[in-house]
Amino acid sequence: MVRCLVAVFCGFLANPALANDFMPVRDRSEFLNLIQEKQLRVGLYNLTLHVTPDGKIHGQALGWGITGTWDWQDGYFCRNMDWSGYEIGPDCQLVEARQGKTLRFTAEKGTGKSASFRLR
């Protein structure tokens, strides 16, 4: 179970990025508009993340705390996180949105695996 959660946080959930109906998020202001006053959720893992405009990440999964920082660099969401003492190293990720309800983060600047989060 821990490995599955780590996979989600690292952006390596088993879905390669597909074109379908997701649209790239191009800049920081567009990203902030999408997440404003919302949570990122993955129900299967009881995962909730808050990504704040001041560059902070906090939340929980299975009752364990998540902390981190983020920045927008050259069109990518770059984050570094810790899950209850387990360091989840830095990664810059491609962000894509679907209908303003789902965000998909694809690791390694869009070349790696992806994880999708519902906006609530």
Counting only residues in the range 87-96 that are touching a helix residue (DSSP H, G or I) at 6+ places or on another chain (Cβ under 7 Å) and within 21 Å of residue 45 (Cβ to Cβ), the one surrounded by the fewest Cβ atoms within 10 Å (Cβ to Cβ) is identified as 88
Outside any strand (DSSP E or B), touching a residue at least 60 places away in the same chain (Cβ under 8 Å) and among the hydrophobic types (A, V, I, L, M, F, W, C), is that true of residue 34?
yes
Of these, 52, 69, 111, 106, which one is of a type in the set (Ser, Thr, Tyr) and under 11 Å from the mean Cα position of the chain (by Cα)?
106
Among the residues of the range 66-76, write down those that are surrounded by 15 or more Cβ atoms within 10 Å (Cβ to Cβ) and not in a strand (DSSP E or B).
75
Can you confirm whether the range 55-64 contains a residue that is modelled with pLDDT of 95 or more, among the basic types (Lys, Arg) and in contact with an Asp or Glu (Cβ under 9 Å, 6 or more places away or on another chain)?
no
Only listed residue being part of a strand (DSSP E or B) and surrounded by fewer than 17 Cβ atoms within 10 Å (Cβ to Cβ), chosen from 104, 118, 79:
118
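The values are calculated or read from the model by the stated rules, or taken from the named source; none is laboratory data. In this text, all values refer to a predicted model and were calculated from it rather than measured experimentally. Ideal geometry is used to build each Cβ from the backbone, glycine not excepted, and the neighbour counts take in all protein chains shown.
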